[in-house]
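Participant: This is the structure I have questions about; it appears just below.
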Amino acid sequence: MERRAALILLSVVAAGVFLSGLELMITAVALPSIVVDLSDWTQLRHASWIINGYLLVYVVTMPLAGRLADLWGVRRLFLAALAAFTVGSLLAGLAQTLDQLIAARLVQAVGGGTLVPVGTAAASHLFRGHARPRALGVVGGVTFLGMAAGPFAGAAILGSFHPATALASLGIPDGPVAAALADPWRWIFYANVPIGFSALALGWAASGGWDTPRRTGRLDLPGAALFSLGLASLLAGLTLIDGQLAGRILDLTYPPTPLVALALLLGALAVVRELRRDNPFLDLRLFRIAALRWAALVSLLTGYALATAIVGGAVFVDRVLYGGPEQQRVALGALAGATAVGALGSGLVVRVVALRWVTVAGLALSLGALWQMMHWTPATGIGEAAAWLGLFGLGFGLTVTPRSTAAIEAVNPLQYGTASAIVTVARMIGMAVGLAILVAYGSTTIDRLTGEVYRTPDAYRDYVPSNLRDRPLRDGLVVQALETWAAGEAARILGGLFAVAGAVTLLAAGPALALGGRHRPQPGSRDVAEARRVDATGGPDDRADAEPTIAL
């Protein structure tokens with residue numbers, strides 16, 4: 001494809017990936033409004049599946065999408081993903097219950113989980129040499145640019161868009177139409193619809209006559225089912241963990257225990273099945289390649305830290321600083337915007353700096369930011385919080401392109417889709433696990449603190465200054481004092497969660513050092529014809545450090 005045409009198609013791919021990134025953060029901003037409208041905060045564990053269900057299907061879809069990209073080519077798959085994402089957005093806006101919204105989010109996730117690995121594979125095929133890491137940096141960068149735009153778009157819609165007033169001025173009474181349009185949070189999903197259809201039309205036109213190489217094979221749907229059920233059981237088990245874990249970890253009547261045990265069993269069965277199949281759902285034999293193995297591990301660990309920063313930052317603004325959508329926009333926008341800058345910048349830096357050192361530098365920045373976030377208090381200003389979240393995001397972004405480049409350059413062109421899916425799946429699993437643990441800890445803490453304050457009619461007096469203990473619970477000064485106490489407790493708890501994220505980030509330093517040196521364009525033997533020949537005849541050996549063109 002000519003360079004101009006390739007750049008146009010890359011822009012279409014970037015638009016689809018942008019939507020996928022936008023959806024995660026804009027939903028995080030709108031979640032409080034959704035919970036209040038469709039349920040209440042006692043249903044936090046249930047409502048968490050609005051995001052965790054999305055992540056679960058997103059994770060499961062990615063390997064299937066990566067495999068389908070290798071089998072069918074990326075054009076049809078990318079367009080179908082855009083269509084699924086757009087339809088899912090429409091259904092999410094129309095949802096009238098939590099369960100309906102969760103189901104619509106699953107449809108969205110099928111599209112979103114397909115867009116990223118297929119987009120990455122398309123960029124890998126469209127560009128070669130030094131242009132490839134720059135193209136991968138664009139794909140990675142716009143994902144996080146979408147995340148950066150999410151808080152701003154969410155705050156703008158929730159804060160300044162008043163569809164109920166508009167409907168009333170038009171004389172539209174309460175009914176199905178008002179139920180589908182009146183709540184501002186619905187429009188964070190409706191906004192995707194015109195963008196999605198426009199990108200679909202442009203993608204159809206821009207990709208005419210072009211596609212990536214195809215190969216024969218089958219999808220391993222039973223393997224996908226084992227993986228899906230195992231991951232769902234793990235997330236459900238982690239979400240249900242409460243303060244009884246230490247005493248009941250081996251008690252089969254304690255819900256997390258059988259769920260996690262089931263997850264381990266299904267995971268073991270999935271591994272055995274995948275290693276025995278020629279065309280597995282997730283080709284675990286690719287983990288023989290050292291670069292891909294370490295890239296996936298870095299992605300997993302940093303994904304956990306990213307989920308902690310996103311959710312922890314949002315909770316800190318809401319529960320400690322008592323800020324609204326505008327303050328969340330500043331904090332989360334700084335995080336996601338800096339992540340986009342880091343991802344785009346790393347695509348340029350890896351030309352002159354070793355992949356390992358770019359990644360280590362990013363980890364160091366993230367670790368420094370988490371150290372400062374550990375010490376946040378109610379006296380921390382929104383500007384300071386945004387600055388440290390931004391530094392974390394910059395560090396995380398610097399790790400994006402090196403790990404993607406290391407993984408993709410380690411396999412032959414027929415496996416680009418699978419390799420890119422593995423790295424991204426690892427990040428999303430880390431995020432899903434991190435979110436599940438945060439929800440479990442948050443729900444348990446809410447229950448504990450509520451129980452302490454309201455265990456007796458006078459229990460609240462232990463948590464307010466002595467000069468207020470003679471006042472009733474509903475007195476304004478007592479309420480303010482309790483909020484101050486709760487904010488301090490929340491800051492202390494979040495500090496512990498940031499400390500755990502810091503330890504996890506530190507663990508990523510080891511595999512990061514194994515990612516390799518400065519990016520160098522691969523020789524001509526890595527073209528598709530050679531890859532097809534090797535894929536058909538087999539390579540000389542399959543050592544982890546063997547020539548990347550061999551097929552495993």
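We did not get these values from a lab; they are worked out from the coordinates using the rules stated. None of the values given here were measured: they were computed from a predicted structure. Positions of Cβ are generated from backbone atoms using ideal geometry, with glycine treated the same way; all protein chains shown enter the neighbour counts.
Participant: Once the other residues with Cβ under 13 Å from the Cβ of L226 are scored (Lys, Arg +1; Asp, Glu -1), what is the net sum?
Facilitator: +1
Participant: What net charge do the residues around P511 carry, taking every other residue with its C-beta under 11 Å from that of P511, with Lys and Arg at +1 and Asp and Glu at -1?
Facilitator: Net of charged neighbours comes to +3.
Participant: Using a ≥ b ≥ c from the Cα gyration tensor of region 243-314 (square roots of the eigenvalues), is it rounded, prolate or oblate, where a/c under 1.5 gives rounded and otherwise the larger of a/b and b/c decides, a/b for prolate?
Facilitator: Since a/c reaches 1.5 but b/c is at least a/b, the shape of region 243-314 is classed as oblate.
Participant: Using Cα atoms only, what is the angle between the long axis of helix 49-72 and the major principal axis of the chain, expressed in degrees (0 to 90) to the nearest 10?
Facilitator: 10 degrees
Participant: May I ask you to derive the relative contact order of the chain, considering only C-alpha pairs under 8 Å and at least 6 residues apart, and to give it as an integer percent?
Facilitator: Normalised by residue count, the contact order of the chain is 21 percent.
Participant: Around W294, what is the net charge, scoring Lys/Arg as +1 and Asp/Glu as -1 over all other residues with Cβ under 11 Å from its Cβ?
Facilitator: Counting the neighbours of W294, the net charge comes to +3.
Participant: Sticking with this structure for a sec: Charges only on Cβ, +1 for Lys and Arg, -1 for Asp and Glu: so what's the dipole of the chain about the Cα centre, in debye to the nearest 20?
Facilitator: Roughly 1600 debye for the chain.
Participant: Specify whether the C-alpha gyration tensor of region 221-276 places it in the rounded, prolate or oblate class, a ≥ b ≥ c being the square roots of the eigenvalues: rounded for a/c under 1.5, otherwise prolate if a/b is larger than b/c and oblate if not.
Facilitator: prolate
Participant: Please work out whether region 150-193 counts as rounded, prolate or oblate from its C-alpha gyration tensor, where a ≥ b ≥ c are the square roots of the eigenvalues and a/c under 1.5 means rounded, while otherwise a/b larger than b/c means prolate and anything else oblate?
Facilitator: prolate
Participant: Against the longest principal axis of the chain, how steep is helix 131-160, in degrees 0 to 90 to the nearest 10, with axes from Cα atoms?
Facilitator: 20 degrees
Participant: Sorting check: for 162-172, 61-71, which peptide has the highest mean count of neighbouring beta carbons within 10 Å, and how do the rest follow?
Facilitator: Ranking the peptides 162-172, 61-71 by packing returns 61-71, 162-172.
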